[in-house]
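Heads up, the thing below is written out as structure tokens.
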Amino acid sequence: QLQLVESGGGLVQAGGSLRLSCAVSRSIFSINAMGWYRQAPGKQRELVAVIGSSGSTNYADSVKGRFTISRDNGKNTVYLQMNSLKPEDTALYYCNAKAITKIGFPLQNFWGQGTQVTVSS
């Protein structure tokens, strides 16, 4: 089973910054899109940002201009740089990858275990 290993969450004051990282645990055939989702208590999981294999990006309106997603294809790693953090950014952040693990296998959806981001006011 493919694992996504997340790191970089924590507690930060409003206006501060954090950088999340997510690495694929082993060598695989190909990775399509990679992205970050978040889920706050009592709310549904929502898309934060996604990046395609060619580098195209898409962001939630609430984070545009503050967050930047990037990826290192050589390391099978995706990053989320979060600046100007707000208390409403507090959530459990999940890494997502759409990948083909072996030749002939279908495209599958994989999730990390989540990393907590807490922004204090």
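With only Cα atoms counted, the chain has Rg and Dmax values of 14.2, 50 Å. Rounded to the nearest 0.05, the FRET efficiency derived from the C-beta distance between residue 7 and residue 32 at R0 = 25 Å is 0.65. Accessible surface computed residue by residue for segment 35-121, with neighbouring protein chains in place and a 1.4 Å probe, gives 52 Å² per residue.
In a DSSP loop and with at most 14 other Cβ atoms within 10 Å, the chymotrypsin sites (Phe, Trp or Tyr not before Pro) in segment 1-64 are 29.
Rounded to whole numbers, the Karplus 3J(HN,Hα) couplings from phi for segment 13-29 are 7, 3, x, x, 10, 9, 10, 9, 10, 9, 10, 6, 6, 8, 5, 9, 5 Hz, using 6.51 cos²θ - 1.76 cosθ + 1.60 with θ = phi - 60°, and x at Gly and Pro. The Kirkwood radius of segment 69-121, taken over pairs of alpha-carbon atoms, gives through the Stokes-Einstein law at 37 °C and 0.692 mPa s a diffusion coefficient of 246 µm² s⁻¹.
Under 13 Å from a point placed 7 Å out from the Cα of residue 43 along the Cα-to-Cβ direction: which residues of segment 106-121 have their backbone N that close? From segment 106-121, the list is 117-119.
Cβ-Cβ distance of residue 14 and residue 72, R₀ of 22 Å, FRET efficiency by 1/(1 + (r/R0)^6): the value works out to about 0.15. Pairs of lysine residues in the chain that meet both criteria, 8 or more places apart or on different chains and Cα atoms under 26 Å apart, total 8. Taking amide H atoms as placed 1.01 Å from N in the peptide plane, list the residues 5 or more away in sequence, or in a different chain, whose amide H sits under 5 Å from that of residue 3. Hits under the 5 Å cutoff: 25, 26.
In the chain, the portion of solvent-accessible area held by carbon and sulfur atoms comes to 49 percent [1.4 Å probe, whole percent, DNA, RNA and ligands not counted]. This model, with +1 at the C-beta of Lys and Arg and -1 at the C-beta of Asp and Glu, gives segment 6-121 a dipole about its Cα centre of some 200 debye.
The values are calculated or read from the model by the stated rules, or taken from the named source; none is laboratory data. In this text the structure is predicted, and so the values were computed from the model without any measurement. Virtual Cβ from ideal backbone geometry, glycine too; neighbours counted across all protein chains shown. The protein model used for the area step is the full one, side chains on, heavy atoms only, and it has no ligands, DNA or RNA in it. Shrake-Rupley method; radii C 1.70, N 1.55, O 1.52, S 1.80 Å.
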